[in-house]
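The structure appears below as structure tokens.
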Amino acid sequence: MKKILVFSPHPDDEVLGCGGTLIRYSKKNYQLHWIILTEANKSNGWNKKNILNRDKEIEKISNYLKIKKT
């Protein structure tokens, strides 16, 4: 099985930068893995609601692209 590792500074950068390519390889059953280089937490000024929304958005795109591990 072929694998792809995607690095993105922030969630959504992967879709804006190479979303079409990721969709194409996902449909070809490549195994996708995603590393997000930033973290949302209270010490960085994020509130609980925004952190939960971010996590839900990450989960949603991970499911859509069939990302094996984030």
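The values are calculated or read from the model by the stated rules, or taken from the named source; none is laboratory data. Remember, it's a predicted structure, so these values are computed and weren't measured experimentally. Cβ placement follows ideal geometry from the backbone for every residue including glycine, while neighbour counts extend to all protein chains displayed. When the accessible area is computed, the model is the full protein with side chains, heavy atoms only, and any ligands, DNA or RNA have been set aside. Shrake-Rupley method; radii C 1.70, N 1.55, O 1.52, S 1.80 Å.
Can you tell me how many residues within region 1-44 are on the phi > 0 side of the Ramachandran plot and modelled with pLDDT of 90 or more?
Residues flagged as on the phi > 0 side of the Ramachandran plot and modelled with pLDDT of 90 or more within region 1-44 amount to 1.
For region 9-28: of the residues being more than 13 Å from Glu57 (Cα to Cα) and not in a helix (DSSP H, G or I), which is least open to solvent (accessible area, probe 1.4 Å)?
Out of the qualifying residues, it is Pro9.
When the residues of region 29-40 are filtered to those that are more than 15 Å from Lys2 (Cβ to Cβ) and of a type in the set (A, V, I, L, M, F, W, C), which remaining residue is surrounded by the most Cβ atoms within 10 Å (Cβ to Cβ)?
Selected residue: Trp34.
Output the qualifying pairs, or none if there are none: Cβ atoms under 6 angstrom, residues six or more apart or on different chains, first residue in region 47-66 and in contact (Cβ under 8 Å) with a residue 24 or more places away in the chain and within 11 Å of Pro11 (Cα to Cα), second residue assigned to a helix (DSSP H, G or I) and of a type in the set (Lys, Arg).
none
What's the total number of residues in region 54-70 that are assigned to a helix (DSSP H, G or I) and either aliphatic (A, V, I, L, M) or more than 11 Å from Trp34 (Cα to Cα) (or both)? So that I can check it myself, show each step before the final result.
Our first condition is that a residue be assigned to a helix (DSSP H, G or I); within region 54-70, this holds for 54-65.
Okay, now just the ones that are also either aliphatic (A, V, I, L, M) or more than 11 Å from Trp34 (Cα to Cα) (or both), so 54-61, 63-65.
Qualifying residue count for the region: 11.
Cβ-Cβ under 8 Å, sequence separation 6+ or interchain: first residue in region 3-17 and of a type outside the set (Asp, Glu), partner part of a helix (DSSP H, G or I) and open to solvent by 70 Å² or more (accessible area, probe 1.4 Å). Which pairs?
What qualifies is Pro11/Glu57.
Output the residue which, of all residues in region 41-70 that are touching a Pro at 6+ places or on another chain (Cβ under 9 Å) and hydrophobic (A, V, I, L, M, F, W, C), is most open to solvent (accessible area, probe 1.4 Å).
Ile61
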